[in-house]
Amino acid sequence: MYEILIESILGIIGGLFLGTTGIAPGSIILLFLDLFKIGDYKTNLGSILFFNLFPVTIGSVYEFYKEKKIDFPLGIVLLVTIIIGSYIGSKLVVNKKNELSTKTVKYITAYVSIFVGFMFLISAYYEKK
C-alpha cells in the first residue's frame, strides 16, 4: 500500500512536470523510486519505458493543438528517430554481453541531467523578457 501511494504521488507530480516543462518525468520518478528503495533500478527503468509507451502526453498535446503550437513534421521526425535511438540505448543497458552496470547508468543519467540543467539555466539567463 505504501509503495502504491508513493508511486501515485510521483506519477501526479511527474505529470504536472511534463505538462509544464515538456520534459519527460521518467528521470525524476526513477530517482525517487530508487531513493525510496521501491524495486530494483533496471526494473524501474523498464517500468518507466513501459509507461512512455502509452500516449501519456495526450492531455498536454490537446491543449497545445488547440493553440496551434505543434509542428507535426518535426514531431514525426523526432518520434521515428527517438524510437530508433531508444532501441539502441536499451540494447546497451540490458544486453547480456556488454550490459552496463546500474552504477554506470546512474552516472550517465547524472551527467546528462547536469548538462541539460546547465544549458537551460544559461538559456533562461539570456532570454529576452
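The values are calculated or read from the model by the stated rules, or taken from the named source; none is laboratory data. Owing to the predicted nature of the structure, the values given are computational and were not obtained by experimental measurement. Please note: Cβ atoms are built from the backbone with ideal geometry, for glycine as well, and neighbour counts cover all protein chains shown.
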Is it true that Ile82 is within 16 Å of the chain's Cα centre (by Cα) and either exposed (fewer than 14 other Cβ atoms within 10 Å of the Cβ) or not β-branched (Val, Ile, Thr) (or both)?
yes
Subset of the stretch 2-55 that is of a type in the set (D, E, K, R) and assigned to a loop (DSSP other than H, G, I, E, B) - its residue that is surrounded by the most Cβ atoms within 10 Å (Cβ to Cβ):
Asp40
Quick one: which of Glu99, Glu127, Glu63 is more than 30 Å from Tyr2 (Cβ to Cβ), in the same structural domain as Thr21 (by TED's automatic domain parsing) and of a type in the set (D, E, K, R)?
Glu63
Go through the stretch 85-115 residue by residue and tally those that are free of Cβ contacts under 8 Å to residues at least 60 places away in the same chain and surrounded by 10 or more Cβ atoms within 10 Å (Cβ to Cβ).
20
Within the stretch 15-58, of all residues that are among the hydroxyl-bearing types (Ser, Thr, Tyr) and at pLDDT 85 or above, the one nearest to Ile114 (Cα to Cα) is Ser27
Ile48: of a type outside the set (Gly, Ala, Ser) and within 24 Å of Ile12 (Cα to Cα), yes or no?
yes
Select, from Ile76, Ile70, the only residue that is out of contact with any Cys (no Cβ under 8 Å at 6 or more places or on another chain), β-branched (Val, Ile, Thr), in a loop (DSSP other than H, G, I, E, B) and exposed (fewer than 14 other Cβ atoms within 10 Å of the Cβ).
Ile70
